[in-house]
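A.B. asks: This is the structure I have questions about; it appears just below.
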Amino acid sequence: METDHQQIDYRRALEALRNGVPNRDAVSVLGSNQRKAESAFLERLSSVAAFAADGKQVPGLLIAGGFGTGKSHLLDYLKHLAVVKDFVCSRVVISKETPLFDPAKVYLAAIDGAMVPGLSGEAVREIALRLQPKSRRYAEFFEWANGPASGLSDLFKATILLHERLNNDPELVDQITNFWSGERLSVSRIRQGLKQINCSGMYSLKPVKVKDLALQRFIFASRLILAAGYSGWVLLFDEVELVGRYSLLQRGRSYAELARWMGRVEGELYPGLTAVATITDDFGLAVLQEKSDRDIVGARLRGKETDEYITLAGRAETGMRLIEREALTLEPPDESALAHTYERLKEIHSKAYGWDPPEIPTAATSVRRAMRSYVRRWVNEWDLKRLYPGAELLAEEEQEIRPTYEQDDSLEQPSEPLQED
């Protein structure tokens with residue numbers, strides 16, 4: 001007999017599956033049938049430590065699938081796998097509020113959505129509490145941060161020292177962890193702290209542009225996570241196909257950012273970090289070919305004739321090649337996967353409502369039918385049979401929804417200007 005708590009968990013999972021919106025409960029009871037993607041992801045997790053020791057970033061994983069094929073469900077499942085292996089994990093949904101082309105907003109979303117294994121609360125604050133200044137990990141972190149290879153502004157070097165030594169100013173320590181989380185911290189406040197520990201003039205403190213500061217925060221946070229004893233940092237980017245609705249310039253910037261997070265930007269790596277991104281499987285045809293992005297984005301960027309845009313053009317072309325050539329396509333559900341999922345769902349429905357669900361005739365297997373379509377049909381039919389026993393039921397097939405790639409200027413609200421922090 002199931003406990004009340006277990007029944008609530010099962011009902012919560014079924015509610016998510018009815019609506020086609022995965023949550024932790026749905027993922028935990030169903031798992032995933034995407035073995036290739038799971039294997040590729042676990043292989044990357046196993047390489048993070050070795051790559052980080054060599055100052056390298058593990059190449060990311062790009063996953064393609066149609067609408068409703070389980071991309072979001074898979075990301076939640078991969079997050080579960082990563083957290084079990086002691087990785088800090090951040091889910092970033094590309095949206096109007098979090099455009100892929102804006103590293104500052106992506107960082108804020110990543111920190112806000114970070115899950116720290118075994119802990120709750122604000123991610124960076126919890127991670128910072130695990131730092132042990134006398135440990136070998138911390139010594140390596142401190143040496144790296146203060147070395148020329150880190151590329152970090154002296155703002156980070158100074159705040160690391162202050163976080164370690166300031167025992168009499170908890171307010172400033174709190175402001176420092178907020179700064180590491182993406183908030184502002186004035187240079188003058190850092191100077192005050194250095195004066196308190198008799199280290200005035202030790203660092204050359206200069207303001208940093210917001211975009212540059214965001215990218216440095218990613219580098220810093222990746223190393224901070226390792227220094228605190230975690231296995232690494234996993235970024236999970238969902239709904240990357242929204243890029244197709246940006247203007248041409250911002251699509252170019254987004255392709256370049258995708259190349260960055262996939263670890264394909266030469267000379268700019270994030271040791272300790274790896275990423276997974278999902279995108280619709282028709283993006284290459286609908287956007288790269290039919291919108292001619294593959295042919296015109298690079299040329300348009302180079303036409304601006306500045307070093308910044310010439311570099312951006314090369315990175316954008318790398319990102320587009322990744323989408324066309326290296327995306328791992330989700331496998332359609334086969335009969336074995338359908339049978340396993342059906343039996344598992346039947347068991348969950350039984351435990352959730354304390355009844356014996358009747359058998360439901362299985363619809364013909366189709367490579368075009370998404371797993372979500374089967375799952376919602378089964379769950380809905382059992383719901384109706386439980387509520388209206390003996391009634392004649394006629395299930396209608398849901399219409400396939402296709403994403404649109406029409407340009408939407410409202411998705412490009414002005415980003416925070418590259419002001420000095």
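Computed from the coordinates by the stated procedures, all read-outs in this text should not be read as laboratory data. Predicted model only: the values in this text are computed from it and were never measured. A quick note on method: Cβ atoms are made from the backbone with ideal geometry, for glycine too, and the neighbour counts reach across all protein chains shown.
A.B. asks: Evaluate the charge dipole of segment 47-201 about its Cα centre and quote only its size in Debye, nearest 20, assuming +1 on the Cβ of each Lys and Arg and -1 on the Cβ of each Asp and Glu.
C.D. replies: With only Lys, Arg, Asp and Glu charged at Cβ, the dipole is about 140 debye.
A.B. asks: Another question, if that's okay. Counting other C-beta atoms within 10 Å, and keeping those with at most 16, which DSSP coil trypsin sites (Lys or Arg not before Pro) do you find in segment 164-265?
C.D. replies: Listed in order of number, the matching sites are Arg184.
A.B. asks: Quick one: if you stick a label point 7 Å off each Cα along the C-beta vector at Leu387 and Glu97, how many nm between them?
C.D. replies: Taking the simple label geometry, Leu387 and Glu97 are separated by 3.1 nm.
A.B. asks: Give the range of the longest stretch in the chain that excludes all chymotrypsin sites (Phe, Trp or Tyr not before Pro) found in loop regions by DSSP and having at most 16 other beta-carbon atoms within 10 Å.
C.D. replies: Segment 68-354 is the longest.
A.B. asks: A follow-up question, please. Kindly put Glu326, Glu412, Glu266, Glu241 in sequence by how many other C-beta atoms sit within 10 Å of each C-beta, fewest to most.
C.D. replies: Glu266, Glu326, Glu412, Glu241
A.B. asks: Against the longest principal axis of the chain, how steep is helix 4-19, in degrees 0 to 90 to the nearest 10, with axes from Cα atoms?
C.D. replies: On a 0 to 90 degree scale, this one is about 90.
A.B. asks: Determine, for His349, His5, the number of other Cβ atoms within 10 Å of each Cβ, and report the residues in order from fewest to most.
C.D. replies: Exposure proxy ranking, most exposed first: His5, His349.
A.B. asks: Further, regarding this structure: Take every Cα-Cα distance within the chain, group them into 10 Å bins from 0 onward, and report for each bin the whole-number percent of pairs it holds.
C.D. replies: Computed distribution, short to long bins: 4, 20, 27, 23, 15, 8, 3, 0, 0.
A.B. asks: Moving on. Give the order of His163, His73 when sorted by the count of other beta carbons within 10 angstrom, beginning with the fewest.
C.D. replies: Ordered by Cβ neighbours within 10 Å, fewest first: His163, His73.
A.B. asks: Next question, about the same structure. Taking the Cα centre of the chain as the origin and placing charges on Cβ (Lys, Arg +1; Asp, Glu -1), which of Asn33, Ser410, Ser186 is farthest toward the positive end of the dipole?
C.D. replies: The one lying farthest along the dipole's positive direction is Ser186.
A.B. asks: If you don't mind, another one. Looking at segment 77-147, which GluC sites (Glu not before Pro) are DSSP coil and have at most 14 other C-beta atoms within 10 Å of their C-beta?
C.D. replies: Answer by residue number: Glu97.
A.B. asks: Let me ask something additional. Evaluate 2.2 N^0.38 Å with N set to the residue count of segment 133-214, then give the Cα radius of gyration divided by it.
C.D. replies: 1.05
A.B. asks: Could you give the angle, 0 to 90 degrees to the nearest 10, between helix 371-387's Cα long axis and the longest principal axis of the Cα atoms of the chain?
C.D. replies: Once rounded, one gets 60 degrees.
A.B. asks: Quote the charge dipole size of segment 133-214 about the Cα centre in Debye, to the nearest 20; the model charges only the Cβ of Lys and Arg (+1) and of Asp and Glu (-1).
C.D. replies: The calculation lands at about 160 debye.
A.B. asks: Ok, one more. How far is helix 103-112 tilted off the main Cα axis of the chain, in degrees rounded to 10, range 0 to 90?
C.D. replies: With both axes taken from Cα atoms, the answer is about 70 degrees.
A.B. asks: Under unit Cβ charges (Lys, Arg +1; Asp, Glu -1), what dipole magnitude, rounded to 20 debye, does the chain have relative to its Cα centre?
C.D. replies: With Lys and Arg at +1 and Asp and Glu at -1, about 1180 debye.
A.B. asks: I've got another one for you. Given a cut-off of under 8 Å on Cα pairs at least six residues apart, what relative contact order in percent is computed for the chain? If you can, show how the numbers build up before the last one.
C.D. replies: Details: 621 pairs, mean separation 113.2, N = 421.
Computed value for the chain: 27 percent relative contact order.
A.B. asks: So what is log10(I(q)/I(0)) for segment 82-220 at q = 0.17, 0.18, 0.20 1/Å, when the Debye sum runs over its Cα atoms only?
C.D. replies: Cα-only, vacuum Debye calculation for segment 82-220: -1.04, -1.15, -1.38.
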